[in-house]
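Here's the structure we're looking at; comments come further down.
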Amino acid sequence: MDQNIKWLAACREEDIPADSGACVLLDGEQIAIFRFARRAEWYATQNRCPHKQQMSLARGMTGSAGEACEPKIACPFHKKTFSLQTGACLSGDDYQIRTYPVKVKGGRVYVGFAQ
Amino acid sequence: MRHEDKPVVVVAGNGMVGHRFCEKLKALGGFRIVVFGEEPRPAYDRVHLSEYFNGKSAADLSLPIKGWFDDEEIILHLGDAVREIDRVQRVVHSYKGIIQRYDVLVLATGSSAFVPDISGIEKEGVFVYRTIEDLERIKAYAPRATNGAVMGGGLLGLEAAKALLDLGIPRTHVIEFASRLMPRQIDSAGSHTLEASLRRLGLQLHLNKTTLSIEGAGRIESLQFTDDTRLPVDMLVISAGIRPRDELARLSGLAVGTRGGIIVNERLQTADKNIFAIGECALVQGMIYGLVAPGYEMADVVATNLAGGDKSFTGFDMSTKLKLIGVDVASFGDPFAAEPDCRTIVFEDRHKGVYKRINISSDGKYLLGGVLIGDAGAYHLLLQTVNNRLVLPPDPEDLILGGRGGAVEGAGVMSLPDEALVCSCESVSKAAICRAVTEQSVSSVEAMKKCTRAGSGCGGCTPLVKDLIAGTMKAGGLYIRNILCEHFEYSRQELFDLVKLHEVRTFEEALRQWGKGDGCEVCKPAIASIFAGCWNETIVKQAPIQDSNDRYLANIQKGGSYSVVPRIPGGEVTPDKLIVLGKVAKKYNLYTKITGGQRIDLFGAHVGDLPAIWEELIAAGFESGHAYGKALRTVKSCVGSTWCRYGLHDSVSFAIEIEERYRGIRAPHKIKGGVSGCIRECAEAQSKDFGIIATEKGWNLYVGGNGGSRPQHAQLLAVDIDKETCVRYLDRFLMFYIRTADPLTRTATWLNKLEGGMSYLKNVVVNDSLGMGGQWEVDMQALVDSYHCEWAAVVNNPELRKQFVHFVNAPRKKDPGLQFEEMRGQVKAKEW
């Protein structure tokens, strides 16, 4: 499966603030990368919020929802929230965002794109 | 049991009490009921008889629903009274010749108006006030009367006087033999207040008057009094008391009292065990009860006992509250208890026509009774306090003065014991009402009437029922605790205290100690605000938990650019600084606009340009305006006495002083202030969270105002205070708000929800009733002393500056999605 994914080096680990996110430009696309330092987990999504088409998700606030602690991101504009696992909108709208796999190796963060 | 075999209960009389008895017995079942009523119509609401003159019809006042008597269980003979009782054969004979056997006979014959033996009483134009027929006669005669009089200044007499006023009789007099009105219910001082109010309403009162004779040729022309005075009168309504209708009992050889009334025991039973008497015709323990509520209680006792229950009538509270000609009059418990048996607290306001008296036990613990004239709002609470022997608060005068603390009534209602009788007409206890709320989700007075019948009688308990519904719902709501979000099961106020006590300074630590999960967009900014309120450390040190705007120390706008607002305290700015703003705006291509808070907003900045923009602004002497924070925004001012010909004081200087004191202080929501130099209020300070207005003697301080979608005027907290006091009160007010308000709650909403409202806040801030004033002043001073410009901290720190980029892997590249259009010579964000 890994063969079907193209991994692109995005940034260094410390470029993404702990328990927060930042935006990278990869292959002309804006990707939001989120670092859950407490859980040692990484997530990546499109940076565009589908609500008002703003390049904003990386500046949003991370958090978790429910007993299962589903990781989520809240857009800074109107607080629409999205699951970082599925990309589904958690605040009652019909939006869906793209998610990307992330891996960290040797202090560098890589985002995977389907071939 | 076959219907024919059921015991026969004959009821003599179809008034309110007789009817209630039938209702109770019918509901219990197992009896054949036969009713004889003297009047031509079924029972009606005699308590609200005077409403007959306000347009209510006889049908409106009728008690039974149409068709109620049309079944075999209950037979009603109208216009036919019982003439004779044959106790040996156990039959009654009616006037119309009906002979009816009974197993049980209930006398509910009521009372008639007492008509004193005065010469001329038979003259035309003399009426009594008792039945709908009496009212019809009065109504028919009224058009030819110009001087109407009521004999009797008691409760019924004043009701009758109201009826005469309603009928439009030009001059209405009330003649009372005693030296005061309503002598059974209220004291002399209360009567004086009531007299003044009634005179203002056009009633002419004659006290200490004994009528000697009624003069006139066939028709009443005047009243002759024993003091040799005379009053021209062409219509007289006699309302001098009631006389029990006991003649039937007398004839049957049943014992009656010396002043009337059928003697019964505590089960309302006469010496003949098959005959009972209830209502105004019954003499229980030497008392005739001339009110409907005890009559209902008697009906309940007899019906219950007939159905196999065991109940006694052990006296009844004669407290009353009514509106007499628009004036509230209430009397409860022992209204006449006097020193030295008790201590009396009296409040009198002749201007408003209010008199209140409460009698408290000598040890100050219990309420014995009292009188309320002009304002009987506290009646039900006071009555319950007497009846349930509730221990009085340390300052019992609060009970009648009210307001001071405001929460007195709310707390009082819920502190009643479960068995407290709230609706005495329908015998509904507090517990029954609360149960209806919790178990049947009753949430309105109307629904409560249907569910428990509480409030469906005289309606006097309606306010109490309402408070109980609200109180019970509120108490129920406490189970759903006011918590921040799914991650913290604490309110903001609780967390504030925890953070302060345990000196917690990071979100990680707070989450570990009191939370679960990873936090969210609700709890993170709330806790960041708490940290700011406690420690006032640079917020960018914990940028990820700051709300959208706080994270970048700027206001995110359409398209993802930011706006920049430097502080311009009090709206005062030098030309040089204006030039700097212009230069910076030009250099970074920013749209400029004057804000509502008297400063200048620069829009359209790229996130990566923010540090450089601020570096230039700070170099020119500007500092952060905190327009992005839930913090003090601006203190708006008018130009004040330095220039204005009306200005009393220098409002600009005071506004600058206040703005510089509270700048940067974070709160549950944004805070705005205003200072006006005179009453013209050009700074619109009363629409702010705090507003200061100059007076001849100093400053008036207002708090809790709000503009926005639900505008609200600020309320006056203190009058004619000096600047130092004003700052001290503001310190306390703001710290109280910062510590206790829920997230994103403005001062106006906070104040609206604050139990006890403005009077409570005044007590806390001005009188320091919580003893927190000193601490809050110290806390506020600590925040003031730790102020720093957040942007200066960023500009001078290369590590912090790094956070202000759009692409972390291409820091110098701007967001290509950010686009602008031109409008009126400036830029505007592209429409989304």
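State all residues of segment A:90-113 that are assigned to a strand (DSSP E or B), touching a residue at least 24 places away in the same chain (Cβ under 8 Å) and either under 17 Å from A:Gln46 (Cα atoms) or more than 14 Å from every other protein chain (Cβ to nearest Cβ) (or both); if no residue qualifies, say none. First the steps, then the outcome.
Applying the first criterion (assigned to a strand (DSSP E or B)) to segment A:90-113 yields A:96, A:99-100, A:102-105, A:108-113.
Filter once more, so that each one left must be touching a residue at least 24 places away in the same chain (Cβ under 8 Å): A:96, A:99-100, A:102-104, A:108-113.
Within segment A:90-113, A:Gln96, A:Thr99, A:Tyr100, A:Val102, A:Lys103, A:Val104, A:Val109, A:Tyr110, A:Val111, A:Gly112, A:Phe113 qualify.
Being at pLDDT below 95 and more than 30 Å from A:Ala9 (Cβ to Cβ): is that true of B:Trp832 here? Spell out how you get there, then give the answer.
Numbers: at pLDDT below 95: yes; more than 30 Å from A:Ala9 (Cβ to Cβ): yes.
Yes.
Taking segment B:47-137 as the region of interest, the strands (runs of 3 or more DSSP E) fully inside it that hold 2 or more residues being not aliphatic (A, V, I, L, M) are B:82-86, B:91-94, B:99-101, B:111-113.
Taken over segment B:496-508, the residue count meeting the criterion of being within 12 Å of B:Lys524 (Cα to Cα) and out of contact with any Gly (no Cβ under 7 Å at 6 or more places or on another chain) is 2. Within segment B:499-552, the residues that satisfy the criterion of being aliphatic (A, V, I, L, M), under 41 Å from the mean Cα position of the chain (by Cα) and away from every other protein chain (no Cβ under 14 Å) are B:Val499, B:Leu501, B:Ile530, B:Ala532. Note on segment B:304-341: among residues that are of a type in the set (Phe, Trp, Tyr) and touching a Leu at 6+ places or on another chain (Cβ under 7 Å), the one that is surrounded by the fewest Cβ atoms within 10 Å (Cβ to Cβ) is B:Phe313. Applying the set (1) modelled with pLDDT of 80 or more; (2) assigned to a helix (DSSP H, G or I); (3) of a type in the set (A, V, I, L, M, F, W, C) to B:Val413 leaves exactly one unmet item: (1).
Just to be sure before I move on: is B:Gly608 within 14 Å of chain A (Cβ to nearest Cβ), more than 44 Å from the chain's Cα centre (by Cα) and of a type outside the set (Val, Ile, Thr) in the structure I sent? Reasoning before the result, please.
Details: within 14 Å of chain A (Cβ to nearest Cβ): yes; more than 44 Å from the chain's Cα centre (by Cα): yes; of a type outside the set (Val, Ile, Thr): yes.
Taking the combined requirement at face value, the residue satisfies it.
Filtered by the rule that a residue be farther than 13 Å from B:Phe496 by Cβ, surrounded by 18 or more Cβ atoms within 10 Å (Cβ to Cβ) and of a type in the set (Lys, Arg), segment B:734-767 gives B:Arg746, B:Lys762. Just to be sure, is A:Gly28 out of contact with any helix residue (DSSP H, G or I) (no Cβ under 7 Å at 6 or more places or on another chain), free of Cβ contacts under 8 Å to residues at least 40 places away in the same chain and either buried (at least 20 other Cβ atoms within 10 Å of the Cβ) or more than 10 Å from chain B (Cβ to nearest Cβ) (or both)? Answer is no for this residue.
Across segment B:225-240, the qualifying residues are those that are crowded, with 17+ Cβ neighbours inside 10 Å and not hydrophobic (A, V, I, L, M, F, W, C), and the one among them that is modelled with the highest pLDDT is B:Asp234.
Taking segment A:1-19 as the search range and keeping residues that are part of a strand (DSSP E or B) and in contact with a Phe, Trp or Tyr (Cβ under 7 Å, 6 or more places away or on another chain), which one is farthest from the other protein chains (Cβ to nearest Cβ)? Before you say what the answer is, go through the steps one by one.
Filtering segment A:1-19 for residues part of a strand (DSSP E or B) gives A:5-12.
Those still in the list that are in contact with a Phe, Trp or Tyr (Cβ under 7 Å, 6 or more places away or on another chain) too: A:5-10.
Details: A:Ile5: 19, A:Lys6: 17, A:Trp7: 15, A:Leu8: 10, A:Ala9: 9, A:Ala10: 6 Å.
Result: A:Ile5.
Is it true that B:Ala140 is out of contact with any His (no Cβ under 8 Å at 6 or more places or on another chain) and farther than 30 Å from B:Leu223 by Cα? Before the answer, list the steps.
On the way: out of contact with any His (no Cβ under 8 Å at 6 or more places or on another chain): yes; farther than 30 Å from B:Leu223 by Cα: no.
Spelling it out, it is not the case that B:Ala140 is out of contact with any His (no Cβ under 8 Å at 6 or more places or on another chain) and farther than 30 Å from B:Leu223 by Cα.
Would you pick out the residues in segment B:634-674 that are assigned to a helix (DSSP H, G or I) and aromatic (Phe, Trp, Tyr)? Talk me through it step by step, then tell me what you get.
The first filter runs over segment B:634-674 and keeps only residues assigned to a helix (DSSP H, G or I), leaving B:640-642, B:651-662.
Scanning segment B:634-674 gives B:Phe654, B:Tyr662.
If you filter segment B:12-35 down to residues that are closer than 30 Å to B:Gly157 by Cβ and out of contact with any Phe, Trp or Tyr (no Cβ under 6 Å at 6 or more places or on another chain), you find that the one that is surrounded by the fewest Cβ atoms within 10 Å (Cβ to Cβ) is B:Met16. Considering only residues in segment B:375-394 that are in contact (Cβ under 8 Å) with a residue 60 or more places away in the chain and closer than 16 Å to B:Asp418 by Cβ, the one that is farthest from the chain's Cα centre (by Cα) turns out to be B:Asn387.
Here A:Ile31 fulfils each of the conditions (1) touching an Asp or Glu at 6+ places or on another chain (Cβ under 8 Å); (2) not in a loop (DSSP other than H, G, I, E, B) apart from (1).
Does B:Val584 fit the bill of being within 30 Å of B:Cys682 (Cα to Cα), more than 14 Å from chain A (Cβ to nearest Cβ) and either free of Cβ contacts under 8 Å to residues at least 60 places away in the same chain or part of a strand (DSSP E or B) (or both)? No: the conditions fail for B:Val584. Taken over segment B:241-298, the residue count meeting the criterion of being at pLDDT 90 or above, within 23 Å of B:Val9 (Cα to Cα) and among the small types (Gly, Ala, Ser) is 10. Only one entry in B:Ser624, B:Ser651, B:Ser676 is modelled with pLDDT of 95 or more, in contact with a helix residue (DSSP H, G or I) (Cβ under 6 Å, 6 or more places away or on another chain) and outside the structural domain of B:Thr749 (by TED's automatic domain parsing), namely B:Ser624.
Can you tell me which residues in segment A:50-77 are assigned to a loop (DSSP other than H, G, I, E, B) and more than 10 Å from chain B (Cβ to nearest Cβ)?
Residues of segment A:50-77 that are assigned to a loop (DSSP other than H, G, I, E, B), as a first pass: A:50-53, A:56, A:60, A:66-69, A:75-77.
Passing the criteria: only A:Pro50.
Yes or no, residue by residue, for (1) out of contact with any Lys or Arg (no Cβ under 8 Å at 6 or more places or on another chain); (2) of a type outside the set (A, V, I, L, M, F, W, C):
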position	(1), (2)
B:His77	no, yes
B:Val88	yes, no
B:His93	no, yes
B:Lys96	yes, yes
B:Ser111	no, yes
B:Asp117	yes, yes
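Within the set B:Gly570, B:Gly559, the sole residue that is assigned to a helix (DSSP H, G or I) and away from chain A (no Cβ under 11 Å) turns out to be B:Gly570. Within segment B:814-825, the residues that satisfy the criterion of being surrounded by fewer than 16 Cβ atoms within 10 Å (Cβ to Cβ) and either more than 14 Å from chain A (Cβ to nearest Cβ) or under 20 Å from B:Lys587 (Cβ atoms) (or both) are B:Lys814, B:Gln819, B:Glu821, B:Glu822, B:Met823, B:Arg824, B:Gly825.
Might you check whether a residue that is away from chain B (no Cβ under 11 Å) and modelled with pLDDT under 95 occurs anywhere in segment A:31-48? Yes, because at least one residue in segment A:31-48 is away from chain B (no Cβ under 11 Å) and modelled with pLDDT under 95. Within segment B:447-471, the only residue that satisfies the criterion of being surrounded by fewer than 17 Cβ atoms within 10 Å (Cβ to Cβ), over 25 Å from B:Ser319 (Cα atoms) and not aliphatic (A, V, I, L, M) is B:Lys450.
The values are calculated or read from the model by the stated rules, or taken from the named source; none is laboratory data. Note that the structure is predicted; figures quoted are calculated from it, not measured. Glycine also receives a Cβ, built like all others from the backbone with ideal geometry; neighbour counts cover every protein chain displayed.
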